[in-house]
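The values are calculated or read from the model by the stated rules, or taken from the named source; none is laboratory data. Quantities reported herein were computed from a predicted structural model and do not represent experimental measurements. Methodologically, a virtual Cβ is constructed for each residue, glycine included, from the backbone with ideal geometry; neighbour enumeration extends over all protein chains shown.
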Amino acid sequence: MFNDEKSLRLQVSWQRIMDQVAPSCTEYAWKVRQRMAHDTNPLWNRIRDTVEARTFSASCGAKTLDNLGTYTSVDDIDWDNLPTTCFLRGSQEHSTCLLRYESQWFLYGNGDAFCDKDGHFQVTERSTRFSISDKDAKTIASMWLSTSVRSTTTAMNVGFVDARIVVEPFLLDDNGQQLMKVRVYCFDGIPEMIELISPTITRLGGCALYTPEWTHIRQTVHNSVCPDFDFQRPVGFQDMIRDSMAVSSGIDHICIEFMVTAAGPAIHRLVCTPYRGQTGAPSRCPDVQHWLASLWNVDTTWYKHIPRQLQPEVVGEQVWSAAA
């Protein structure tokens, strides 16, 4: 439980070595890894923090998810008087978040252990295996405060950001289902791809991708065996597109993550290195990878530390057409 950050650093270090041996300059995931390794834009230092990201988004006129409280020390939290049902997260990007449900703490993860086959929230025998004590919850929160954005993202170039603990409301949609996440991939201020994330999709090993016109992007290669997802357009989708354009204005590439609440979509966080550059993310389909890479006109000064022969070539503009 406490070694996932160390494992991630080893994984990314190995991937960087492989990039030097056989770089894939036209792949989106490769460009993400190069940002992590070389891009020193101070904006990333700010928006990797959830609280700062929401402040930045609100300043652009976008609706953001509410914070019930932010803390810089575990001792500042009144643990006994926290809401009986809420989320506890580190303000920086972590693979773990805590759910307090009816005063009991759980390791929430991606939430697939807390829903039935139809996606409705439910605490079952499977989810009780992730129950932890109050002492363990405080230990994990302390761990969040002892790590920096440098260690959690393995991006050694952006410096340190003070960690905080964030308390968030526990929300379900009108049908009692866990909230769906919608990731909007924006390039030069223009939304280009929509990714849907929910515990049901995660459990089935799926990857649901759409264009802003809500055309399903058919993938020739999936992340795993999964059905051919077709979803209805989320309520408030045009508000998401509008807020995405406002927040991403003047930024070469950013991923904006929304939570679709009963009161409408709200920005949960901003992601400047989606999936931390994992190979095959967000899609293993090479057509999707090359298409996303073609949309990203990177600043070539990132690559001053990379040998000339390994620097990416300029990729011409392409238009995505969904396969039949």
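Below, the figures for the structure above:
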{"item": "Yes/no for Tyr108 being free of Cβ contacts under 8 Å to residues at least 40 places away in the same chain, surrounded by 14 or more Cβ atoms within 10 Å (Cβ to Cβ) and either β-branched (Val, Ile, Thr) or within 29 Å of Trp44 (Cβ to Cβ) (or both)", "result": "yes"}
{"item": "Residue match in region 136-146 (condition: on the phi < 0 side of the Ramachandran plot, in contact (Cβ under 8 Å) with a residue 24 or more places away in the chain and in a strand (DSSP E or B))", "result": "no"}
{"item": "Selection status of Arg150, at pLDDT below 90, closer than 23 Å to Pro199 by Cα, basic (Lys, Arg) and in a helix (DSSP H, G or I)", "result": "no"}
{"item": "Helices (runs of 4 or more DSSP H) (entirely within region 1-114) containing at least 2 residues that are at pLDDT 80 or above and farther than 30 Å from Thr279 by Cβ", "result": "50-59"}
{"item": "Scope region 194-226; condition modelled with pLDDT under 85, surrounded by 15 or more Cβ atoms within 10 Å (Cβ to Cβ) and among the charged types (D, E, K, R); matching residues", "result": "Arg203"}
{"item": "Residues (out of contact with any strand residue (DSSP E or B) (no Cβ under 6 Å at 6 or more places or on another chain) and of a type outside the set (Asp, Glu)) located in region 248-259", "result": "Ser249, Gly250, Ile251"}
{"item": "Hits in region 238-287 (condition: surrounded by 22 or more Cβ atoms within 10 Å (Cβ to Cβ) and part of a helix (DSSP H, G or I))", "result": "Met240, Asp243, Ser244, Val247, Ser248, Gly277"}
{"item": "Every residue from region 118-135 that is free of Cβ contacts under 8 Å to residues at least 12 places away in the same chain and in a loop (DSSP other than H, G, I, E, B)", "result": "Gln122, Thr124"}
{"item": "Members of region 87-113 that are touching a Pro at 6+ places or on another chain (Cβ under 7 Å) and either on the phi > 0 side of the Ramachandran plot or among the aromatic types (Phe, Trp, Tyr) (or both)", "result": "Gly111"}
{"item": "Cβ pairs under 7 Å, 6+ apart, first in region 165-188 and of a type in the set (S, T, N, Q), second surrounded by fewer than 17 Cβ atoms within 10 Å (Cβ to Cβ) and in a strand (DSSP E or B)", "result": "Gln177/His120; Gln178/Leu172"}
